[in-house]
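Participant: Got a structure here, written out as structure tokens. Questions coming.
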Amino acid sequence: MKLKIIIHKAEEGGYWAEVPSIPGCATQGETFEELLQNFYEAVEGCLSVNVDVTRITSKDRVIEIAV
């Protein structure tokens, strides 16, 4: 799986990163190397969260939009 991440320089020093395709998935590190190490742990944690299954019936429609 490939993910795009946005890396920001933190105002107080170090870095923080977010994954736009996984809402709420973010991490930080004092160095770039620490950020990358923390990033893998953050993504694993975000993807391992149990999410309730949405039940879709024949009366429902699923659409995809771009904004």
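The values are calculated or read from the model by the stated rules, or taken from the named source; none is laboratory data. Predicted model only: the values in this text are computed from it and were never measured. Please note: Cβ atoms are built from the backbone with ideal geometry, for glycine as well, and neighbour counts cover all protein chains shown. Surface areas here come from the heavy atoms of the whole protein model, side chains and all, with no ligands, DNA or RNA. Shrake-Rupley method; radii C 1.70, N 1.55, O 1.52, S 1.80 Å.
Participant: Which listed residue (Ala66, Ile56, Ile6) has the Cα farthest towards the positive end of the charge dipole for the chain, taking +1 on Lys and Arg C-beta and -1 on Asp and Glu C-beta about the Cα centre?
Facilitator: Working it through, the farthest residue towards the positive pole turns out to be Ile56.
Participant: Please name whichever of Val43, Gly29, Trp16 sits farthest to the positive end of the charge dipole of the chain, dipole taken about the Cα centre and charges placed at Cβ: Lys and Arg +1, Asp and Glu -1.
Facilitator: Of the candidates, Val43 comes out farthest on the positive side.
Participant: If you plug each phi of region 14-29 into the Karplus form 6.51 cos²θ - 1.76 cosθ + 1.60 with θ = phi - 60°, what whole-Hz ³J(HN,Hα) values come out, in order, with x for Gly and Pro?
Facilitator: Whole-Hz 3J(HN,Hα) from phi for region 14-29: x, 9, 9, 9, 9, 10, x, 7, 10, x, x, 8, 8, 7, 8, x.
Participant: Checking the cross-link filter: which aspartates and glutamates have an alpha carbon closer than 17 Å to that of Lys2, excluding same-chain neighbours under 8 positions apart?
Facilitator: Counting by Cα, and skipping residues close in sequence, Lys2 has these aspartates and glutamates nearby: Glu18, Glu41, Glu44.
Participant: While we're on this one: Stretched out fully, how many nm does the piece from Arg55 to Tyr40 gain, at 0.36 nm a residue minus the Cα gap?
Facilitator: Working: separation 15, 0.36 × 15 = 5.40 nm, distance 3.06 nm.
Using 0.36 nm per residue and subtracting the Cα-Cα distance, I get 2.3 nm.
Participant: How big is the chain on each of its three principal axes, counting only the C-alpha atoms and giving the largest first in Å?
Facilitator: That gives 51, 27, 22 Å along the principal axes, largest extent first.
Participant: Quick one: what are the phi-derived ³J(HN,Hα) couplings along region 36-41, Karplus 6.51/-1.76/1.60 with θ = phi - 60°, whole Hz, x for glycine and proline?
Facilitator: 4, 4, 5, 4, 4, 5
Participant: Roughly how many percent of the accessible protein surface of the chain is carbon and sulfur, given a 1.4 Å probe and a whole-percent answer? Write out the running numbers ahead of the final one.
Facilitator: On the way: 3270 of 6190 Å².
Answer for the chain: carbon and sulfur cover 53 percent of the accessible area.
Participant: Using a simple charge model, +1 on the beta-carbon of Lys and Arg, -1 on the beta-carbon of Asp and Glu, nothing else, what dipole does the chain show about its Cα centre, in debye to the nearest 20?
Facilitator: Values: 6 positive and 11 negative charges, 118 e Å.
For the chain, the charge dipole is close to 560 debye.
Participant: Could you provide, to the nearest whole Å², the per residue accessible area of the chain with probe 1.4 Å? Display every interim value, and only then the final one.
Facilitator: On the way: 6190 Å² over 67 residues.
Per-residue accessible area for the chain comes out at 92 Å².
Participant: May I pose another question? Note down the nm distance, to one decimal, between modelled labels 7 Å out along Cα→Cβ at Lys4 and at Glu64.
Facilitator: Result: 1.5 nm between the two label points.
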